[in-house]
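Data first, discussion second: the structure below is written as structure tokens.
Rule-based calculations on the coordinates, nothing more; no lab input. Here the structure is a predicted model, which is why all the values come from computation and not from measurement. Cβ placement follows ideal geometry from the backbone for every residue including glycine, while neighbour counts extend to all protein chains displayed.
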Amino acid sequence: GRTMTGTDSKKINLPNGLCIHVVDTKLCGGNNGCFHCLTNDILYPSLDDCKREC
């Protein structure tokens, strides 16, 4: 297979868009983790919240 370079490949590798699942009880304040929006650098408690705001 061929590997793609550039920004297009990053979009494909992120199924949740710009929301990254963070598993850190100190950062997220809970056991289930939270979601970090890459565009505004804000942590959201759920993926739905992150996708809506991000």
Would you pull out the residues with amide H under 5 Å of PHE35's amide H, same chain only if 5 or more places away, H placed 1.01 Å from N? VAL22, TYR44, SER46
Mind giving me the nanometre distance, one decimal, between the label points for LYS51 and LYS26, set 7 Å out from Cα along Cα→Cβ? 3.1 nm
